[in-house]
Amino acid sequence: QVQLVESGGGLVQAGGSLRLSCATSTRIFNGNNMGWYREAPGKQRERVATITSDERATYADSVNSRFTISRDNANTTVYLQMNSLKPEDTAVYYCRAVAMGYLYWGQGTQVTVSS
């Protein structure tokens, strides 16, 4: 059973924007930190951005000032707004949550940025 459902990936030109969404259940979302990670071909999965339950956000240096993470408590959804995209942002993006001692990952959504 898929606990985190991502959407919003696609193909975009350099300088463009995309918004990723991660929908989950109240049980996983409420009171827990959420995050976005990415995995590029031949590279290890890396943290992109995280947001706490009280909406404090942190970002990887490589995306700071270009990406914005947010959460919609009413819809138990986390978003990642990605602006000024670069070819090096090309990767599969994963949503992540830690809830009740368990680690949850989404299935991933592909983001491809052409030069």
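Data overview
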item	result
Index of the failed condition, V98 passing every other in (1) over 15 Å from E46 (Cα atoms); (2) not in a strand (DSSP E or B)	(2)
Long-range neighbours under 6 Å by Cβ, at least six apart or interchain, first residue free of Cβ contacts under 8 Å to residues at least 60 places away in the same chain within region 13-29, second open to solvent by 20 Å² or more (accessible area, probe 1.4 Å) and small (G, A, S)	S21/S7; S21/G8
Conditions (1) loosely packed, with under 15 Cβ neighbours inside 10 Å; (2) touching a strand residue (DSSP E or B) at 6+ places or on another chain (Cβ under 8 Å); (3) closer than 20 Å to A14 by Cβ; (4) not polar (S, T, N, Q); number of the one not met by D61	(2)
Candidate set: region 74-115, residues that are at positive phi and of a type outside the set (G, A, S); chosen: the one surrounded by the most Cβ atoms within 10 Å (Cβ to Cβ)	T76
Some residue of region 20-29 being within 17 Å of V111 (Cα to Cα) and open to solvent by 50 Å² or more (accessible area, probe 1.4 Å)	no
Residue that is modelled with the lowest pLDDT, among those in region 30-39 that are open to solvent by 30 Å² or more (accessible area, probe 1.4 Å) and of a type outside the set (S, T, N, Q)	G31
Among (1) assigned to a strand (DSSP E or B); (2) open to solvent by 80 Å² or more (accessible area, probe 1.4 Å), the one test that V48 misses	(2)
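The values are calculated or read from the model by the stated rules, or taken from the named source; none is laboratory data. None of these values were measured; they are calculated from a predicted model. Glycine also receives a Cβ, built like all others from the backbone with ideal geometry; neighbour counts cover every protein chain displayed. The accessibility values were calculated without ligands, DNA or RNA, using every heavy atom of the protein model including side chains. Shrake-Rupley method; radii C 1.70, N 1.55, O 1.52, S 1.80 Å.
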